[in-house]
Amino acid sequence: MKLAAKVWKYGDNINTDVIFPGRYTYTLMSEEEMGAHALEDLDPLFRTKAAPGDIIVAGRNWGCGSAREQAVKCLRARKVGAVIAKGFSRIYYRNALNEGLPAVICPELVDSVSSGDVITLDFESNEITFAGRHYTFPPYPEYVRGLVECGGLLPYVRQKLRQEGRLPPEL
């Protein structure tokens with residue numbers, strides 16, 4: 001998978017209540033409706049200007065706070081291509097992978113880019129390219145790569161069960 005997209009850059013300690021505003025936590029809504037509220041308190045332009053495939057670049061501890069999956073689902077619904085950070089909270093990182101949202105740790109890149117820059121993220125070479133420079137990141141283990149490529153844990157499990165003949169093709 002290779003993606004060239006615009007950067008939306010944020011700082012350290014961006015918590016889940018800012019990624020998906022806490023006031024909507026107990027409101028029943030579709031994932032599409034969740035996407036309409038992604039980052040609205042942090043960056044009002046994001047909800048109207050972010051394009052499918054755009055990449056979030058952030059500092060340390062992205063996704064700290066609660067373990068709510070809404071903070072990942074809202075970005076998936078906005079069709080964010082990936083989140084690249086200096087570091088993630090443990091549960092956010094796992095939720096991202098389980099939902100099929102690529103989460104990449106690459107501190108060197110974070111210090112080099114600004115909002116509006118265009119970068120290329122290449123999962124085949126585990127490399128990010130920006131302004132003629134190449135930044136590497138650790139590859140995902142094979143099963144994690146499968147999760148992301150399938151779009152998350154549930155599609156991955158369905159695919160595996162179909163391959164084993166334990167799930168009919170229509171499910």
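None of the figures in this text is laboratory data; all of them are computed from the coordinates on show. Predicted model, so just to flag it, every value in this text is computed and none were measured. All Cβ positions, glycine included, derive from the backbone under ideal geometry; neighbour counts span all protein chains shown.
At an R0 of 25 angstrom, the distance between the Cβ atoms of Asp111 and Lys6 translates into a FRET efficiency of 0.85.
Placing R0 at 25 angstrom, the Cβ-Cβ distance between Asp41 and Leu153 gives a FRET efficiency of 0.30 after rounding to 0.05. Placing unit charges on the Cβ atoms of the charged side chains and taking the dipole of the chain about its Cα centre, the candidate lying farthest along the positive direction among Phe46, Tyr143, Ser115 is Tyr143. Charged neighbours of Phe137, selected by a Cβ distance under 12 Å, balance to -2 (K, R count +1; D, E count -1).
Gain on full extension, evaluated as 0.36 nm per residue between Arg90 and Gln163 minus their Cα-Cα distance, stands at 23.2 nm. For the residue pairs Lys9/Lys79; Lys9/Lys86; Lys2/Lys49, the C-alpha atoms sit more than 19 angstrom apart in Lys2/Lys49. Checking [x] 48, 41, 26; [y] 45, 31, 29; [z] 50, 36, 33 against Cα extents along the principal axes in Å calculated from these atoms, the matching label is [x]. Backbone geometry of segment 27-34 corresponds, through the Karplus equation with coefficients 6.51, -1.76 and 1.60 at θ = phi - 60°, to 3J(HN,Hα) couplings of 9, 6, 7, 6, 5, 4, 5, 4 Hz, x marking Gly and Pro. With both labels modelled 7 Å from their Cα along Cα-to-Cβ, the Arg23 to Tyr143 distance reads 4.2 nm.
Remark on Val57: its backbone amide H falls under 5 Å from those of Trp8, Lys9, Tyr10, Ile84, a criterion applied only to residues 5 or more positions apart or on other chains, H modelled at 1.01 Å from N.
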